[in-house]
Amino acid sequence: MIDKQEIDLLIVGAGPVGCTIAERAAQVKGWKSLIIDKREHIAGNCHDCINSHGQLVHKYGPHYFRTSYEDVFRYLSKFTSWIPGNYIVKTSVKNKLYPIPINLSTLEKYFDQELDEDTALKLLHSLRVHKENPKNSEEFILSRLGKELYEDFYLGYTLKQWDIHPKDLDPSVCGRVPIRLNRDESYVNATHQVMPKDGFTKMFSRMIESKNIFFKGNTNFEDLKKTIIPKIATVYTGPVDEYFNYCLGKLPWRSLQFEWKTYKEKLVQPCVQINYPNDHKYTRSVEIKHVTKQNINTSTVSYEYPQSVGDPYYPVPQPTSTELYLKYKQLVEETSHKDKVYFVGRLAEYTYINTDEAIKRGLDAFQKIANSNGID
Ligand SMILES: Cc1cc2nc3c(=O)[nH]c(=O)nc-3n(C[C@H](O)[C@H](O)[C@H](O)COP(=O)(O)OP(=O)(O)OC[C@H]3O[C@@H](n4cnc5c(N)ncnc54)[C@H](O)[C@@H]3O)c2cc1C
């Protein structure tokens, strides 16, 4: 174990941000980093592992890696080779499966008629409930797709996911999923839609394989913040309100509970993810084997139940949460300089970001730390 006096960076959280900063610090500057995590493992929410049935599973929900940042893709490619992403998602409505995001094939199947871009546009135009400036998610979807599609595809899913009516959510919440008038059925839009060949945990473990990087799991920042004073800085990727002892109140998060079932079949579902807006208490079932391509005779499926308690997964997208976060951000600005703490990542910045964005923020934060120390 590293001598306390020799630690250049204390990194709280072994997720994508923490691993990226430690790797850059070791490689570019030769700095010594101690990474700690509450959990026993690395890779943060991207953690994947082999379960008791020999299946490679994504412990904290499916992670479909994609990026249009060439620098992020180049950087990660040093630690992994890739396999194609193949992210196909369907939604179950009245016992039929429809491609998601909504596209020409979805509309054709739902309305049982042949369509092209022009006729689909005309159809949607006739269904739309005109709203000049949609003020919430309900108005946003009604103004694009009309009542039937809104009720079948969006309303139930949003209620389960957030426990908030779309009327009370910003237009961007339901507007996040694109609506396409072509036959592109891929779940995401990005130049690279790929999975790390040996999994995320392997990729991150190669990243922090260095004599200058030490990892200590099952360790909470709270327990050593007074005893370890790093020479250069602390990088904090945990929840921002926790850092400040919730002095302004608790930031709300939506969490998930996972139910896992292993089947004695090679594959159970026709695609990696099925959404259930209207049936069941779970929002989606995920058979990650469709993208990991693991060659094994059984298959594990996870079922996701949204809940308000538990690990923080998604910041609650309401103005009151943003207001509270902005107050914490002010404390961050006062503290960062004084105590040399950098707050980076989804928990520290109270934001939903994809993995590529987390890596990007890690790379940028490292540059900032390096520059502020005037070394080179
Ligand atoms: C359900 C779900 C599905 C997702 N799907 C995708 C996807 O399909 N594609 C994609 O690109 N991205 C996806 N993401 C996003 C991805 O998980 C994040 O972008 C990424 O994990 C963020 O990295 P991070 O380092 O900021 O945070 P995290 O990965 O959360 O890492 C932070 C780490 O800090 C640790 N920590 C917190 N507080 C403390 C403390 N006090 N002391 C010690 N350790 C602490 C935590 O245990 C955690 O391991 C998904 C996220 C969720 C929640």
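Each value in this text was obtained by applying a stated rule to the coordinates, not by laboratory testing. Note that the structure is a prediction, hence the values are computed from the model and not measured. Don't worry about glycine lacking a Cβ; one is built from the backbone with ideal geometry, like all the others, and counts go over all protein chains shown.
Miscellaneous remarks
- Where GluC sites (Glu not before Pro) fall in DSSP loop in segment 23-132, at most 13 other Cβ within 10 Å: Glu40, Glu114, Glu132
- A full extension of the chain between Ile50 and Glu259 corresponds to an added length of 73.6 nm, given 0.36 nm per residue minus the alpha carbon distance.
- Using the rule -39500 (n - 2.57) for each DSSP H run of four or more residues, divided by the residues of the chain, the 222 nm mean residue ellipticity is -8500 deg cm²/dmol.
- Within the same chain, aspartates and glutamates fewer than 8 places from Lys231 are excluded, and of the rest, those with a Cα less than 19 Å from its Cα are Asp3, Glu6, Asp8, Glu23, Glu222, Asp223, Asp339, Asp376.
- Segment 104-175 - Debye-derived log10 I(q)/I(0), Cα point model, q = 0.11, 0.19 Å⁻¹: -0.28, -0.76
- Label-to-label distance, nm, for residues given as Glu209 and Asp71 (7 Å Cα→Cβ offset): 2.6 nm
- Rounded tilt (10° steps) of 355-372 against the dominant C-alpha axis of the chain: 30 degrees
- Ascending count of other beta-carbon atoms within 10 Å, so fewest first, for Cys46, Cys247, Cys271, Cys19: Cys247, Cys271, Cys46, Cys19
- Centre separation in Å (Cα based) which lies between segment 94-111 and segment 253-284: 19 Å
- Axis of helix 319-339 versus longest Cα principal axis of the chain: the two differ by about 20°, to the nearest ten degrees.
- Crossing angle, helix 117-127 versus the chain [Cα axis fit, 0-90 degrees, rounded to tens]: 80 degrees
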